[in-house]
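Down below is the structure, laid out as structure tokens.
Just so it is clear, none of the values below were taken in a lab; they were calculated from the coordinates. Given the structure is predicted, the values throughout are model-derived calculations rather than measurements. Neighbour counts run over all protein chains shown; Cβ positions are idealised from the backbone, glycine included.
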Amino acid sequence: MKKLFVSTAVFLSLCLFVIFSLNISKNEISSAQNSEKTELKTESIYIVKEHKGRIAAFEEENAKPFRTTEILVEDLPEGDRELLKEGIKVSGFEELSKILEDYVS
């Protein structure tokens, strides 16, 4: 009888441990997924536009460019000059790099 009681107690403890462990794993996965979604939503916004006659990259809400190219805007086609006058809004550094590469090449 005592063996049965001990065995049942051990079995129930093991079951509770497994259930608790699974619950923690689900919470960790859920937290990781929420964190990834937040990172995607908070990707930096950049503006590519003319600055002192050259193409420059600005962080959104910043009046000073963090990168200025050697490309003269006056050498570009009219359509590109108009786009740069208004500013080209891009999401993320990768997209910013692609835009700047397009003008360099």
Three-way shape label, segment 45-104, alpha-carbon gyration tensor, a/c 1.5: prolate
Most to least packed among 89-102, 46-59, 63-76 [average Cβ atoms within 10 Å]: 46-59, 89-102, 63-76
